[in-house]
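One structure is given below, encoded as structure tokens.
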Amino acid sequence: MTVRLEYDGGFAHLTLSRPQVLNALSFELLAELSRALAGVAESDARALIVTGEGDKAFCAGADIPELMNRPLMQELEGAAKGQAVFSRIAELKIPSVAVIQGYAFGGGLELALACTFRVATDRARMGLPEVKLGLIPGYGGTQRLPRLIGEGRALDLIMSGRTIDGGEAERIGLVNRIDNEGTPLEIGKRFLEPYLKHSLCALYFAREAVQRGGGVAIADGLRIERDLSTLAYRSQDAAEGLRAFVEKRPASFKDC
């Protein structure tokens, strides 16, 4: 088994488990990851933590020998499958965080980019080095990275293939926080804990408004916000939140 899925309270915890090859993304691992994410989507988990087994790597990228000498259509189908798996993470209705300890290169960084948030330790090293192999990122890196840190910074990382540490990643907005206290699971729980008290509906609508509006004109973005905020107002959680505010008590959300 190359992916482990465990549940702990409101958390789902996915672990990439190929430490002998720095948790590289084999085709088998991607298939198992897809199945595990389907399980998370159907579960009662309210947040997802993604980590890599061992202290050397979150995920060092693609399993290079598997990528060699493939026909053109296999290359195309492989990129589509990888993108589809990572999109499953991005489309989850619960918040997710990748805890990056050690290496996160190529597809490993693209996996982290598909999560809602990223937290790194001081030992983290990140990059998209595909250009050094005569390639470009194929699992979403050219699309998610510029949306996150801006086109100029993204082009610098993609076209140079250089490695950055956690400190630089935090400065440019690639990771949300540096945290060195405890295990990757403990770090992920600590980061996501504040989100668990909120309505999952409100969190989902907020994320959708930001992400859908990010690539459109401001007028179109405002319409997206208007429609999603109206949907939020129609939820039972909104009614409960407003009542709780008036009654000066904590809200008890039901995620609907």
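The values are calculated or read from the model by the stated rules, or taken from the named source; none is laboratory data. On a predicted model such as this, the values are computed, not experimentally measured, just so you know. Methodologically, a virtual Cβ is constructed for each residue, glycine included, from the backbone with ideal geometry; neighbour enumeration extends over all protein chains shown. Accessible surface is based on the protein model in full, side chains and every heavy atom, while ligands, DNA and RNA are left aside. Shrake-Rupley method; radii C 1.70, N 1.55, O 1.52, S 1.80 Å.
List the trypsin sites (Lys or Arg not before Pro) within region 165-249 that DSSP assigns to loop and that have no more than 15 neighbouring Cβ atoms inside 10 Å.
Values: sites: Arg171, Arg177, Lys189, Arg190, Lys197, Arg207, Arg212, Arg223, Arg226, Arg234, Arg243, Lys248; in loops: Arg234, Lys248.
Passing sites in region 165-249 are Arg234, Lys248.
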Given a 10 angstrom Cα cut-off, can you work out which residue in Val175, Val21, Val216 is the most mobile in a GNM of the chain?
Val216
Fraction in percent of alpha-carbon pairs per bin - 5 Å, region 3-197
1, 8, 18, 22, 22, 16, 9, 3, 1, 0
Give me the percent of accessible area attributable to carbon and sulfur for the chain, probe 1.4 angstrom.
56 percent
Considering only protein heavy atoms, what per residue accessible area in square angstrom results for the chain with a 1.4 angstrom probe?
53 Å²
Which Cα, out of Ser235, Leu29, Ser160, lies furthest along the positive dipole direction of the chain (beta carbon charges, K/R +1, D/E -1)?
Ser235
Take every Cα-Cα pair in region 70-135 and report what % of them are more than 18 Å apart.
47 percent
Among Ala104, Leu92, Gly82 the positive-end extreme of the charge dipole of the chain (Cβ point charges):
Leu92
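Just flag the GluC sites (Glu not before Pro) in region 167-256 sitting in loop per DSSP whose Cβ has no more than 11 other Cβ atoms within 10 Å.
When the GluC sites (Glu not before Pro) of region 167-256 are filtered for loop state and at most 11 Cβ neighbours within 10 Å, Glu181, Glu247 remain.
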Loop-only trypsin sites (Lys or Arg not before Pro) in region 24-117, please: DSSP not H, G, I, E or B, and at most 15 other Cβ atoms within 10 Å.
Lys56, Lys93
What's the lysine pair count for region 3-197 at a Cα cut-off below 27 Å, pairs eight or more apart or interchain?
8
Taking region 200-247, the equivalent ellipsoid from its C-alpha gyration tensor has semi-axes in Å, biggest first, of 25, 10, 7
